[in-house]
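Engineer: For reference, the structure I am asking about is given below.
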Amino acid sequence: MKTVPPVAEKGLLPLALTMAEAKPETVFKPPSTDQDFVVGKVASAVGQVARVAASLTGQDRMGSWLVRCNIGRMSFVVDPGLYALGSPNSGSPVLVTANYKMSFDQLRGALPGRDCWLLVLDTKGINVWCAAGKGTFGTVELYDRIIASRLTEVVSHRKIIVPQLGAPGVNGLGIKKHTGFQVVWGPVLASDLPAFLDRGMKAEPAMRCKGFPLAERMALVPVELTQVVGKTCLLMLFFLIFSGLGGGHSFWEASLDMGLFAVLALLAALVSGTVLVPLMLPWLSGRAFSIKGMWTGLFSYLFLVAISGLVSPARIIGPLEAVAWLLMVPALSSWLGMNYTGASTYTSRSGVRHEMLRAIPVQAAAGSAGFLCWLAARFWLT
């Protein structure tokens, strides 16, 4: 992973220049024209450039849906380099994006009927917002792509439009000094680009703001669920088996005795951390996602206890078992809810790091204490 050298952050790029000049030419191959979304070629001053269309195919949309479910996520990429949207010429605008295909598709899909150059950075398949925080959508990578694509020969102007969400990783002054290209910060949303371009690359105040509405929050749920549902099922199996090993009943009777409630408690933690946190995000108390996840976990656990008599009328959980799950469910829900920090504009890179350093030890301690209480309730107090 490339990171911006400290001197680059001050507007100087001698190390970046050294990195770019030292790289073998094979690192910067032009984008392949064999990619499914490439529809032809466009002649430029430096040769043929892969041409793409603004209209998305069913295959493009299906790929996005699969990625939303965490299927093929790490292979959903495009070749970095220069692309032509429509039939651009030397005066056409240049827009920068990441090589995560969903980001690439959203950009070209927002510009029907437009002729533009698309400069795709190698962000290792990460979207602009996250890659800017990780450093892959950064000053050095942008410099390298400008030089490698011979952009000064392709266009006659010296402006490149960079997404506003990529600003944390890009030093515009450094790019201007060492490439001659002025970085123009585009709007937050790709859908605002047509209006932005028509206004002479001027953004209205509303174009600088980013909300996090319900539809966007819930769109994140499938990928979060698929990432943890398998591990949660293994935990359920673990508690079922160990429930059957304790107590004075047969294995299956003991498994149903404490194991059923354990499965329901883990299910409550899974739903509260991955579904209720984004669903109820604006209304949950606390700024930290770990706190919001703790609240949903606590509410879900109390609801489960309230209906446990309906689930298993013949059994009421004991005090120590109740304490065990009171510790474990909010801890697990808090940890799952914290996964949304990297997908929300509510947080910053430093804020996420600060929250994790504080929350993870507390979550681990609560989970461990709860598990010890559960073991005591199962093996020593039965």
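The values are calculated or read from the model by the stated rules, or taken from the named source; none is laboratory data. The shown structure was predicted, so the numbers you read here are calculated from the model rather than taken from an experiment. Methodologically, a virtual Cβ is constructed for each residue, glycine included, from the backbone with ideal geometry; neighbour enumeration extends over all protein chains shown.
Engineer: Quick one: which of 79, 105, 60 is among the acidic types (Asp, Glu) and within 23 Å of residue 181 (Cβ to Cβ)?
Structural biologist: When all the criteria are applied, what remains is 79.
Engineer: Taking segment 60-102 only, how many residues are under 24 Å from residue 143 (Cβ atoms) and of a type outside the set (A, V, I, L, M, F, W, C)?
Structural biologist: 13
Engineer: From 173, 197, 267, 240, which residue is farther than 24 Å from residue 138 by Cβ, in a helix (DSSP H, G or I), in contact (Cβ under 8 Å) with a residue 12 or more places away in the chain and not assigned by TED's automatic domain parsing to the domain that holds residue 330?
Structural biologist: 197
Engineer: While we're on this one: Identify, from the list 128, 120, 162, the residue that is closer than 20 Å to residue 39 by Cα, touching a Phe, Trp or Tyr at 6+ places or on another chain (Cβ under 7 Å) and crowded, with 24+ Cβ neighbours inside 10 Å.
Structural biologist: The conditions single out 120.
Engineer: Considering each residue of segment 203-237, count those that are outside any loop (DSSP other than H, G, I, E, B) and over 26 Å from residue 71 (Cβ atoms), and give that number.
Structural biologist: 4
Engineer: Residue 288: within 18 Å of residue 236 (Cα to Cα), at pLDDT 85 or above, buried (at least 17 other Cβ atoms within 10 Å of the Cβ) and not basic (Lys, Arg), yes or no?
Structural biologist: When the stated conditions are applied, residue 288 does not pass them.
Engineer: Check segment 82-100 and report whether any residue there is over 26 Å from residue 199 (Cβ atoms) and either among the small types (Gly, Ala, Ser) or under 21 Å from the mean Cα position of the chain (by Cα) (or both).
Structural biologist: yes
Engineer: I've got another one for you. I want to confirm something. Restricting to segment 107-148 and keeping residues that are hydrophobic (A, V, I, L, M, F, W, C) and in a loop (DSSP other than H, G, I, E, B), which single residue is modelled with the lowest pLDDT?
Structural biologist: 126
Engineer: Looking at (1) crowded, with 22+ Cβ neighbours inside 10 Å; (2) under 17 Å from the mean Cα position of the chain (by Cα), find the lone condition where residue 140 falls short.
Structural biologist: With (1) crowded, with 22+ Cβ neighbours inside 10 Å; (2) under 17 Å from the mean Cα position of the chain (by Cα) applied to residue 140, the lone miss is (2).
Engineer: Only one of these conditions is not met by residue 165: (1) touching a residue at least 12 places away in the same chain (Cβ under 8 Å); (2) assigned to a helix (DSSP H, G or I); (3) more than 18 Å from residue 107 (Cα to Cα). Which number is it?
Structural biologist: The number of the failed condition is (3).
Engineer: Sticking with this structure for a sec: Would you tally the residues in segment 190-222 being surrounded by 14 or more Cβ atoms within 10 Å (Cβ to Cβ) and under 18 Å from residue 342 (Cα atoms)?
Structural biologist: Count: 7.
Engineer: Limited to segment 48-68, what total is found for residues that are surrounded by 12 or more Cβ atoms within 10 Å (Cβ to Cβ) and either of a type in the set (Gly, Ala, Ser) or under 19 Å from residue 219 (Cα atoms) (or both)?
Structural biologist: Here the count works out to 10.
Engineer: Looking for whichever is more than 20 Å from the chain's Cα centre (by Cα) and on the phi > 0 side of the Ramachandran plot here; the options are 207, 201, 258, 236. Which one fits?
Structural biologist: Going through 207, 201, 258, 236 in turn, the sole match is 201.
Engineer: Tell me which residues, restricted to segment 188-217, are under 30 Å from residue 276 (Cα atoms) and touching a helix residue (DSSP H, G or I) at 6+ places or on another chain (Cβ under 6 Å).
Structural biologist: 188, 190, 207, 217
Engineer: Using the structure shown, decide if residue 247 is at positive phi and modelled with pLDDT under 90.
Structural biologist: It is true that residue 247 is at positive phi and modelled with pLDDT under 90.
Engineer: Restrict the check to segment 325-343 and report whether at least one residue is closer than 18 Å to residue 133 by Cβ and at pLDDT 90 or above.
Structural biologist: yes
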